[in-house]
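Beneath this line is the structure, given in structure tokens, with notes to follow.
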Amino acid sequence: MVTETHKPIDCYLRIDRMPHIWCAGCGIGMATHSFVRGIERAGLDADKVAVVSGIGCTGRVAGYVKFDSFHTTHGRALPFATGLKLGNPELNVVVFSGDGDIAAIGGNHLIHSARRNMDMTVICVNNFNYGMTGGQMGPTTPLEARSTTSPYGNIEYPFNLPYLAAASGAVYVARWTVLHLQQLERSIAEALVKPGFSFIEILSPCPPVYGRMNKRSKGIDEMHHYQGKSIVRNGADPKEVDITFDGPIIVGKFVDIERTPFWERQKKLLAKVHEKKQA
Amino acid sequence: MSGESKEGLLSGEFFMNGDEACAEGAIAAGCRFFAGYPITPATEVAERMSERLPQVGGVFIQMEDEIASMNAILGASWAGVKSMTATSGPGFSLMMENLGLGVMLETPCVVVDIQRAGPSTGLPTLVAQGDMMQARWGSHGSYEIIALVPSSPQEIYDLTITAFNLSERYRVPVLVMSDEAVGHMSEKVEIHHVEAGSLILRKKPRVPPEQYQPYKPDKDLIPPMAIAGEGYRFHVTGLTHDERGYPAMNAEAHDRLVRRLVDKIRVNRKDIIKCEEVDTKDAEIIVCAYGITARIARRAVQEARSEGIRAGLLRPITIWPFPEERIRELARKAKAFVVPEINYGQIVFEVERCAGGKAKTVLVPNMGGSVHRPEIILEAIREAVPGKNGN
């Protein structure tokens, strides 16, 4: 039996704010747990970690983690985080938000932050719908899935988020479900120390709304669904990892490449201008 | 003598346009982060910043839109860096939601609006003053904001420094509401060496992290501000929050918070509000004009005086909070306020409200695209004289 010893994770959480607002069976708590374990595993100085969230269920993560943390506006966590990082490059900046926040209203910021290879880690919890507002379809809702605004089944193609992030320039891209605790924790730790733009998609159940609308109304049923359908394929081509309503779900680390991060280039620019002035 | 120190700071006399002077004012005020998106007629602010900020060790970034620009300057401010963005009408509209975030998080930063004629795309290259009410009310909810209105390149330089000082002092985004005419007008700008000690900086926490509450105000209603990365491990949210910064979803907490956000500006309005007055002492006709329009109004007032009309000029330099006490005082003696502005009536309603029926209020509108001709304002002054037209 493998045993791991961890310091209590309480020091990374705002225990005075518990209980949290997430529903029974929701996966965001597990994602948050994996995140703080990832911080610990990466050996980061907690005083230098800043977490930025947008709006929605996952947007509440910033309020429960004991780092400098910012609960901003819908979709805007990424540009806020960009300013934070460029204001103090020593910060390890993490954006933790949901699929609607990051890929719909904030989609433009996602592709541009990835394009710049901005030094930050984006953790996107994908529960396939807008949970907080009661289960509307969104940019990740699979075709045919029901939601409160697609009562006859969704007719829009969803985004394949790893493909979108990779195509836009992310240097680290992974996808796990909340049940892949070990792999997820490892991926988060890797992403946190990876220079440049990292993107991790975490698939999470949303039993009271998405689950209920799609006949997986118990959290455990939805988790088993994702677990049962998951196929680990590290290094898979992100183009090939589309998620369908009932098909297999490819998980794994898809991208881990080198590309000069934004701050590296900015530092060079500053040095160049400084030299020119001295000359 | 004009020159540049080895730190990259300018001093001396320069010939530059208002947009460039705005950028130089920001640099002199210690601004070291600019995020923006190209838009006429504010682009020159961004261009100047992209050249100048690296020379003083600062960071310029061109964002994907104005929403991102506004958020980026908030983020940079929370990292402890003075930050600014500059835009015009369409971009200003996009910034409104997150200007509200800046108000709610009490984030010092400066937003410059080089106004052009709207609505919508309007006249991108031509002057207007149509965003004055948007500056006051553009974001949803109840709040107070500070907005300054420069009349010349020299003044946009000076007021950009003032804007940073006010934003740091009151922990609120401060707006510089300029316009295309001032932005694109080139004049002499005197750049004095600004002593670092003369600049106002936000209050820092005076307690250890475990005792720190991000929204526990001092007696002046302004809470000391921690910045990210210094071990305070604070939380802030755009939700209604308590002194700990934690969400507080009830009417009492909201009442307490909104009152403080508003009152911290209102109770200090005497410190914030600045006006220039010309010949108002005995004036029976007071022209209330701001920005570029005040320069034209000044000539109209002079000509009216030469015709024997007791006219004066009140030029609000601070437009928000509005100089209502001064207008009230003047309304007791004056017969009429003449309000020329490059819109179809915005500030005139504020003047009318403050005049409270004691003096007549006359709008001299201009839809935008050009400034008023002085004779239009002069004619309005003549018309406002009691006894004219059966007055």
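Quick note: the coordinates plus some simple rules give every number you see, no bench work behind them. Small disclaimer: the values here were computed from a predicted structure and weren't measured. Neighbour counts run over all protein chains shown; Cβ positions are idealised from the backbone, glycine included.
Data for the structure
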| read-out | value |
| --- | --- |
| Convex hull projection area averaged over all views, the stretch B:277-390, Cα basis, nm² | 6.4 nm² |
| Debye log10 I(q)/I(0) for the stretch A:92-226, one point scatterer per Cα, at q = 0.18, 0.20 Å⁻¹ | -0.96, -1.12 |
| Extension gain, A:I220 back to A:F245 (0.36 nm per residue minus Cα-Cα distance, nm) | 7.2 nm |
| Straight-distance crosslink candidates among aspartates and glutamates, where the alpha carbon sits under 16 Å from B:K264 and sequence neighbours closer than 8 are dropped | B:E106, B:E144, B:E168, B:D218, B:D220, B:E243, B:D255 |
| Spatial extent of chain A: Rg and Dmax, with the Cα atoms as the point set, Å | 18.5, 70 |
| Under the Karplus curve 6.51 cos²θ - 1.76 cosθ + 1.60, θ = phi - 60°, whole-Hz ³J(HN,Hα) for the stretch B:146-158, x wherever Gly or Pro sits | 10, 9, 10, 10, x, 10, 7, x, 4, 6, 5, 4, 5 |
| Per DSSP, loop trypsin sites (Lys or Arg not before Pro) in the stretch B:203-270 with at most 15 further Cβ within 10 Å | B:K203, B:R206, B:K219 |
| Top of A:K239, A:K268, A:K253 by mean-square fluctuation, Gaussian network on chain A, Cα under 10 Å | A:K268 |
| Which of A:H20, A:I55, A:S198, positive extreme of dipole for the protein assembly as shown (C-beta unit charges) | A:H20 |
| Long-range HN-HN contacts of A:I250 with modeled amide H, under 5 Å | A:I231 |
| Degrees separating the helix A:219-229 axis from the principal Cα axis of chain A, which is the longest one | 70 degrees |
| Ellipticity estimate at 222 nm from DSSP helix runs (n ≥ 4, -39,500 (n - 2.57)) divided over the protein assembly as shown, nearest 500 | -10500 deg cm²/dmol |
| Residues whose placed amide H lies under 5 Å from that of B:K274, excluding near-sequence neighbours | B:I317, B:T318 |
| All Cα pairs of the stretch B:1-90, percent lying beyond 23 Å | 19 percent |
| Loop trypsin sites (Lys or Arg not before Pro), the stretch B:1-61 (other Cβ atoms within 10 Å of the site Cβ: 11 or fewer; DSSP) | B:K6 |
| Excluding exposed DSSP-loop GluC sites (Glu not before Pro) (at most 14 other C-beta within 10 Å), longest clean stretch of chain B | B:8-194 |
| DSSP beta bridge pairing in the protein assembly as shown, given as percent antiparallel to the nearest 5 | 25 percent |
| For the stretch A:98-113, 3J(HN,Hα) per residue [Karplus equation, 6.51 cos²θ - 1.76 cosθ + 1.60, θ = phi - 60°, Hz, x = Gly/Pro] | x, 5, x, 5, 8, 9, 9, 5, x, x, 4, 5, 4, 5, 6, 5 |
| Alpha-carbon radius of gyration plus Dmax, which is the widest Cα pair, for the stretch B:3-198 in Å | 15.0, 46 |
| Extension gain from B:K358 to B:S50, taking 0.36 nm per residue of separation minus the Cα-Cα distance | 105.8 nm |
| Cα pair distances exceeding 19 angstrom across the stretch A:55-148, given as percent | 39 percent |
| Global form of the protein assembly as shown, assessed from the alpha-carbon gyration tensor, a/c cut-off 1.5 | prolate |
| 18 Å cut-off, amide nitrogen to a point 7 angstrom out along A:N108 Cα→Cβ, residues in the stretch B:81-97 | B:85-97 |
| Cubic angstrom per residue, convex hull over Cα atoms of chain B | 144 Å³ |
| Efficiency of FRET between B:H192 and B:R259 - r from beta-carbon atoms, R0 45 angstrom, step 0.05 | 0.70 |
| Per-residue HN-Hα couplings for the stretch B:243-251 [Karplus 6.51, -1.76, 1.60; θ = phi - 60°; Hz; x = Gly/Pro] | 5, 6, x, 8, x, 9, 8, 8, 5 |
| Lysines whose Cα lies under 28 Å from that of A:K277, excluding same-chain neighbours fewer than 8 positions away | A:K85, A:K267, A:K268, B:K6, B:K82, B:K188 |
| 5 angstrom amide H check on B:C288, placed H, neighbours 5+ away | B:L314, B:V338, B:V339 |
